[in-house]
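Everything on this sheet refers to the single structure shown next.
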Amino acid sequence: MFEKVLVALDFSAYSQKILDYISEIPGVKEVALLHVVDATSPAKLGWAREPYIENAKILMAEKKEALEHLGLKVHVNVDVIVNVITQGTVSHAILEAAEIHDASLILMGARGINPIQELLLGSVSSTVVRQAKTNILIMHFTPEQEDVDAGRARQKLFSKLLLPTDFSPSANDALSFIKTIPGINEIVLLHVVNRAESQPEIEATVQAAQSRLEDMKKSFDGSGIVMKHHIRIGDPTEMTLSVVAEAFKKKIAMSAYGTAWFREMLVGSTTFTVVRRTRKPILVIRKKQENEKR
């Protein structure tokens, strides 16, 4: 499970909310906190750099202490980039830290001090999602969710999961992985038909998908988990977003990549459409063997 978690922080209120969910990560025992200082940024050139770095170290120490009170082993690292040619970018710093700490999960926020496009939905997330050798959990918080969190006990992070599947071996691996996650109350399976060309072919494909989804649900018999499924016809990204909107008002949307359309959806150009528009946490399951095949 997710015993070692790397958390990328920017000290915004948004990233603080991410830390509030650490205790809900299944199996977490060790946390590596990472703050990357892009000293090539105009705002951090010259005399402003050192005070910023020292302040970052103080803030990291405070976060470390708070997490240690939860019984977690915590490492902190403030990584300063002064030359992107020799040191790489922010995303490379995150990837390197994940390898150094042997992280089983990279936890990132979808909004921070910097504009979304620069912080997560641009080159940083593109590189991390495509090159990471471990699982990635991207957190979103909607205003409605923040109101709920403030008003009453929130729903547990992994209590309800959406799993899109294309029935590939990788998708089956994702399903097997999900079975090891404790605390799940409900799983919603989703298959999108997008390759049929005629009405008879569409109907046959839907019927075949229905049978395969029923078999997948049966594999959870006796687990106590409520199993549901949806079949949609059309564009995989749009259909996934539609189901998220229908069934996951304040709950996590869990996505694992496989092959064909689903690989394209999560590691291709439409990844950021899903990440940007769902406003839900998305877990990308990265199997080691899949990373080696790419």
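The values are calculated or read from the model by the stated rules, or taken from the named source; none is laboratory data. Bear in mind that the values here come from a model prediction, so they are computed numbers and not experimental data. Note: ideal-geometry Cβ built from the backbone for every residue, glycine included; neighbour counts use all protein chains shown. Keep in mind that these areas ignore ligands, DNA and RNA; they rest on the heavy atoms of the full protein, side chains included. Shrake-Rupley method; radii C 1.70, N 1.55, O 1.52, S 1.80 Å.
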Of the residues Ala208, Ala174, which is open to solvent by less than 70 Å² (accessible area, probe 1.4 Å) and modelled with pLDDT of 90 or more? Ala208
For the condition assigned to a loop (DSSP other than H, G, I, E, B) and either among the hydrophobic types (A, V, I, L, M, F, W, C) or at pLDDT 95 or above (or both), what is the one hit in Leu95, Leu121? Leu121
Would you check if Arg286 is open to solvent by 20 Å² or more (accessible area, probe 1.4 Å) and either modelled with pLDDT under 85 or of a type in the set (Phe, Trp, Tyr) (or both)? no
Find the residue count for the range 1-29, including only residues that are in a helix (DSSP H, G or I) and under 16 Å from Gly183 (Cβ atoms). 3
If Ser176 passes every condition in (1) free of Cβ contacts under 8 Å to residues at least 24 places away in the same chain; (2) in contact with a strand residue (DSSP E or B) (Cβ under 8 Å, 6 or more places away or on another chain) but one, which one does it miss? (2)
Have a look at Glu68, Glu62, Glu50, Glu24 and point out the one that is in contact with a Leu (Cβ under 9 Å, 6 or more places away or on another chain), at negative phi, acidic (Asp, Glu) and at pLDDT 80 or above. Glu24
Restricting attention to the range 217-240, which residues are part of a loop (DSSP other than H, G, I, E, B) and in contact (Cβ under 8 Å) with a residue 24 or more places away in the chain? Ser219, Phe220, Ser223, Ile225, Gly234, Asp235
